[in-house]
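No lab work stands behind these numbers, since they all come straight from the coordinates. These figures come from a predicted structure and were not determined experimentally. Ideal geometry is used to build each Cβ from the backbone, glycine not excepted, and the neighbour counts take in all protein chains shown.
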Amino acid sequence: MSTEFVENLNVGRRDVLEGGKGGTATLPQQPTHLKCFLGSSSSRPSQKNSSPSQRKEKCTNLNINEGYDRPQCPEQTEKPNNVVISESHRRSEPEPAILKHKMNETHTWDISMDIQPDPPDHMQSDQTTSAEYPRDFLGISLPEQPNKYYFMIRGQRIVLEADSTIQTIMEKLQSYKSRVSLYFEGFQYQLGDFQLRVGKVVPAHSEHLRGIVMEVEYLPISSLDKSRQIMEEFLDIWQETVSKRSLPGHFVHLETNFAEYGLSDHYTSQHTAVQYANVMAQLIATVRN
Amino acid sequence: MGVVLQHVEALEILLQGLCGVPKQRIRIHELCLKSGPNLGAVASEIRLLCDLEQPEPTWTVRHVGGPMRGAGAEQLAVLVRTMVESKVSKNVLRFFYALGYKLDHELLRVGFGFHFQRGIRITVTVTSVNKMLKLHATDEAVPVTPGIQLVEVSAPASSDTYPEIVAAVSSFCEYLAP
């Protein structure tokens, strides 16, 4: 994956979504905590027909290189928890125009995910042993944790957090190999206490659009339970706004049972990794159907 | 190398004098996992290390490669192995079981260690290697070699620093010669 670094897209103040206070195009200040994901998949290749002026702010394969830590912020009010949404959504332009005109772009972002389905190649035909190995083995690196890597085995509800050197170890073991690599890449926006990331999902070495993902993060609170309501309210506003634009498709809610993975109410990067794994599963299922 | 149990205290005093800083206690539960049948083109082995000396046990995954071979290796007075480590979350054992790895054996290493900075970083550990009679029963471990403890001297190196590292380690080992 390219690691070209691009300057921040600091475009100044803009009007924000109805009812919110004005946001600023500043660097995130110790953000963290709750996130919800909206993912959409597309079975059509992306149509790159936008004009150069519209595409000037679009970037691909970029690292934020922020690497900011996420300390626990003091809880201020009772707030709802995070929500995951995934949906089939056919678009020719992965960046929602609604965000382009309503929010402040701050950064680009990307995430790489490796899908390592098993069993190994030479055991494909062996039905007796294929059941012994996980078929939903994913690895993901997150921009907010540049020195970490996360493995998920969805079928057994396992999420493992490790130093990034774990990838070298897995390569040396030669028991599993990455078969498919996907990148989530796009733009990051700041909207009051919310941070949004919208991006496309593309395979490595390809521009074939697999889907669109939107990540919504509520910054002040780490508790899933306490922020559930506000997250739901935000998404209700989002759904209503999107519906007024007559955009094709719609976003739906995809809940994640974090307790099954042994994760607590306090939100961490492991929660993020699990949500991206679920989004991927939804995208794959949608493409297959 | 090994040291007879009755000389461990003297060795500790010697190392303390050479190092100048207090020793670090070692109590590590080491689990050696091997790939299950038909997993991967070649058999593989991984080690999970649980540091029981910490207030909250921490886990590390370690992969140790085979010894360096060839004409270059024969000219070195030390054994060179590639080693990669990664700190991991505590569910790492369950993770590797899910991937198809099996527990081959487990050990409990108890002892102490010193870190020396003499141009390069040299680590010396003196540990008793214990086996568990019951699965994961670290409180009931018994020595594999009663009366003898294992002394390990190691230093990180890269391919372009082998000569320097070898010389430093060999020179340091002279201090430990009986």
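For segment B:87-162 and segment B:5-29, write down the distance between their C-alpha centroids in whole Å.
Measuring centre to centre over Cα atoms gives 16 Å.
Given the rule -39500 (n - 2.57) for each run of at least 4 DSSP H residues, summed and divided by the residues of chain B, what is its mean residue ellipticity at 222 nm, to the nearest 500 deg cm²/dmol?
Roughly -6500 deg cm²/dmol at 222 nm, from the helical runs in chain B.
Name the long-range amide H neighbours of residue B:80: under 5 Å, sequence gap of 5 or more, or other chain; modelled H, no Pro or chain starts.
Residues meeting the amide H criterion: B:68.
Once you keep just the Cα pairs under 8 angstrom separated by 6 or more residues, what percentage relative contact order results for chain B?
Once divided by the residue count of chain B, the mean separation gives 23 percent.
Contact order normalised by length for segment A:145-281, with contacts defined as Cα pairs under 8 Å and 6 or more residues apart; what percent is it?
Normalised by residue count, the contact order of segment A:145-281 is 20 percent.
Considering only B:14, B:107, B:49, give the residue with the highest GNM mean-square fluctuation for chain B, with springs between Cα atoms whenever their separation is below 10 Å.
B:14
How big is segment B:34-178 by the Kirkwood estimate over distinct Cα pairs, in Å?
For segment B:34-178, the Kirkwood estimate is 17.7 Å.
Enter the mean number of other protein chain beta carbons within 10 Å of the beta carbon of each residue in A:171-181, as an integer.
Details: counts 2, 7, 12, 7, 13, 5, 2, 0, 0, 0, 0.
Going residue by residue through A:171-181 and averaging, the value is 4.
At 7 Å along the Cα-to-beta-carbon direction for both residue B:83 and residue B:150, put a label point, then send me their distance in nm to one decimal.
In this crude spin-label approximation the distance works out to 1.1 nm.
Using θ = phi - 60° and the Karplus relation 6.51 cos²θ - 1.76 cosθ + 1.60, list the HN-Hα couplings for segment B:159-173 in order, rounded to whole Hz, with x at every Gly or Pro.
In residue order, the calculated couplings are 4, 8, 10, 3, x, 5, 5, 4, 5, 5, 5, 4, 5, 5, 5 Hz.
Taking H placed 1.01 Å from N in the peptide plane, check which residues at least 5 places from residue A:210 or on another chain put their amide H under 5 Å from its amide H.
Here A:201, A:202 satisfy the definition.
Among the listed pairs A:226/B:87; A:172/B:102; A:172/B:131; B:34/B:131, which have their C-alpha atoms separated by more than 20 angstrom in this model?
Violating the 20 Å limit, Cα to Cα: A:226/B:87; A:172/B:131.
Find how much the distance from residue B:13 to residue B:62 grows on full extension, using 0.36 nm per residue of separation minus their present alpha carbon separation; answer in nm with one decimal. Before the final figure, lay out each step's value.
Details: separation 49, 0.36 × 49 = 17.64 nm, distance 3.00 nm.
Value of the extension gain: 14.6 nm.
Label-point separation (nm) for residue B:175 and residue B:45, each offset 7 Å from Cα along Cα-to-Cβ?
Between residue B:175 and residue B:45, the label points sit 3.1 nm apart.
In nm, to one decimal, how far is the modelled label at residue B:139 from the one at residue B:167, with both set 7 Å along Cα→Cβ?
The two pseudo-label positions are separated by 5.2 nm.
Taking amide H positions as placed in the peptide plane 1.01 Å from N, state which residues far from residue B:58 in sequence (5 or more) or on other chains have amide H under 5 Å from it.
B:51
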